[in-house]
Amino acid sequence: MIAEAGIERFAAMGTRVELHRFDGRTDDALAAARRAIEAVDDALTIHRPSPATALNEALLAGRPAVIEDTLLFEALEAAADGHAATDGLFDIAADGRTRANWSLVELDRRARRIAVQRPVAFDFGGLGKGLALDRAVAILRAAGVGSALLTLGESSIAVLGEHPLGGGWPFAIPHPDDPDEELLTVELRDQALSISATVGAGTRAPERAAITRPHTGTAVAAPLCAVAVEPTGALAEVMSTALIAADEDAAARLLRGRAGSRFRFDLASTAQSSVAGTLAA
């Protein structure tokens, strides 16, 4: 029997958030995890005044800035690390209209100072969701929670511990345009999962920007879906986005040795052999 001790449901980061704990405890850990997610939203949103919008205003005007907000600085560090880990494929500054990208950014981590060579604006998007999940998981773990499921929408997920019935947490990943078609199943244990796609209902949201290939400044038009299972939410978001932005050779490098945790589907092909080829390590 599953002892479901608590649930928090609320809206943040432009999506529906659900936090579930299954360890039979009744303290206020879920409320603290909610506050952590809302704090990340408040720091990184670009849809209302925030530290992120203030930074964008400065950088678009060509002014350097000192990053005083801790959450914003953490996000910039994660963005820089993600850019380096993916050979530039993950890029919160990529803008096909202005041909801007992270190569124009100078981040001095010690001084917490950022400058740009010409106008740039950041969109933390999925990275913000990953960071929010990571902060919430850390709070739950510190509170002694042994089993929890956290979701930001249907594409950003983290689990703490094992499934309440034992073993890993099973997830079925549907086709973005056909919920009745299953692309794959995965099991998570103390891991996070991110799904990125160029098709599906989520891509048609008014504030959703197309994924851009930073090296060319062009939007990815091919019907693709990428899934990344990683130790942290931030890294999962970085890798699923990079797999969409990658060309075939770059995608193969990101997938190499990660056949069980990183996946890239070409949705234009219905042949199983073609899909399997996109998953080759």
- Taking N as its residue count, the alpha carbon Rg of the stretch 132-185 over 2.2 N^0.38 Å: 1.32
- Shape descriptor, the stretch 1-92: equivalent ellipsoid semi-axes (Cα gyration tensor, sqrt 5λ, whole Å, largest first) stand at 33, 16, 11
- Task: Whole number in Å², please: accessible area per residue of the chain, 1.4 Å probe, ligands, DNA and RNA not counted.
- Result: 47
- Task: Calculate one ³J(HN,Hα) per residue across the stretch 211-222 by plugging θ = phi - 60° into the Karplus curve 6.51 cos²θ - 1.76 cosθ + 1.60, and present them in order as whole Hz with x for glycine and proline.
- Result: 6, 10, 7, x, 6, 10, x, 9, 6, 7, 9, 5
- Rounded to a whole %, the carbon-and-sulfur portion of the accessible area of the stretch 50-193 at a 1.4 Å probe is 47
- Message: Connecting C-alpha atoms closer than 10 Å in a GNM of the chain, tell me which of GLY96, GLY82, GLY233 has the biggest fluctuation.
- Response: GLY96
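Taking each full run of DSSP H in the chain as one helix, which ones are at least 24 Å long along their axis (Cα atoms) and have mean Kyte-Doolittle hydropathy of at least 0.5? If you can, show how the numbers build up before the last one.
Values: long enough: 125-142 (26 Å, 0.73).
Span-like helices here: 125-142.
The values are calculated or read from the model by the stated rules, or taken from the named source; none is laboratory data. All figures in this text were calculated on a predicted structure; none of them were measured in a lab. Please note that ligands, DNA and RNA were not included when accessible areas were found on the heavy atoms of the full protein model with its side chains. Shrake-Rupley method; radii C 1.70, N 1.55, O 1.52, S 1.80 Å.
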